[in-house]
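The values are calculated or read from the model by the stated rules, or taken from the named source; none is laboratory data. No experiment lies behind these values; they were computed from the predicted model shown. Counting neighbours? That spans all protein chains shown, and the Cβs are built from the backbone with ideal geometry, glycine included.
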Amino acid sequence: MSDVQVDEFTSQASSLGLKVQVFGRSDDNARAFWNWKFLSSNPDQPMTRRMLGRACDVRLPTRLTLAECDVVAETILNALNARLSN
């Protein structure tokens, strides 16, 4: 997926009520090494940068039932399918 397609997917998921954060598409995600301002030297890591540009995070509280987890999974698939059908 291109950056535009990733943004469309996260937007579609959001419109379905599910917040999906892509690690490398967020200015404040701690998993993105370029946000690590505490390092004096922080060389670019292109392969890691590419991977983080597609790795997603969805909050899954421990209280969710299996049926609720199924709804989350269905919502992700619906957002992907909507994105792919355009």
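Structure notes:
- Enumeration of residues in region 1-24 that are aliphatic (A, V, I, L, M) and under 8 Å from A79 (Cβ atoms): A13, L16, L18, V20
- Within the span defined as region 32-52, every residue fails to be assigned to a loop (DSSP other than H, G, I, E, B) and either in contact (Cβ under 8 Å) with a residue 24 or more places away in the chain or in contact with a strand residue (DSSP E or B) (Cβ under 8 Å, 6 or more places away or on another chain) (or both).
- Condition met for D28 (exposed (fewer than 14 other Cβ atoms within 10 Å of the Cβ), within 16 Å of the chain's Cα centre (by Cα) and either assigned to a helix (DSSP H, G or I) or of a type outside the set (S, T, N, Q) (or both)): yes
- Summed over region 53-63, the residues that are in contact with a strand residue (DSSP E or B) (Cβ under 8 Å, 6 or more places away or on another chain) and among the charged types (D, E, K, R) give a count of 2.
- Condition met for V22 (at pLDDT 90 or above and more than 16 Å from the chain's Cα centre (by Cα)): no
- Residue match in region 40-54 (condition: at pLDDT below 90, of a type in the set (A, V, I, L, M, F, W, C) and exposed (fewer than 14 other Cβ atoms within 10 Å of the Cβ)): no
- Selection within region 1-25: residues that are of a type in the set (S, T, N, Q) and part of a helix (DSSP H, G or I). The member of this set that is farthest from C56 (Cα to Cα) is S15.
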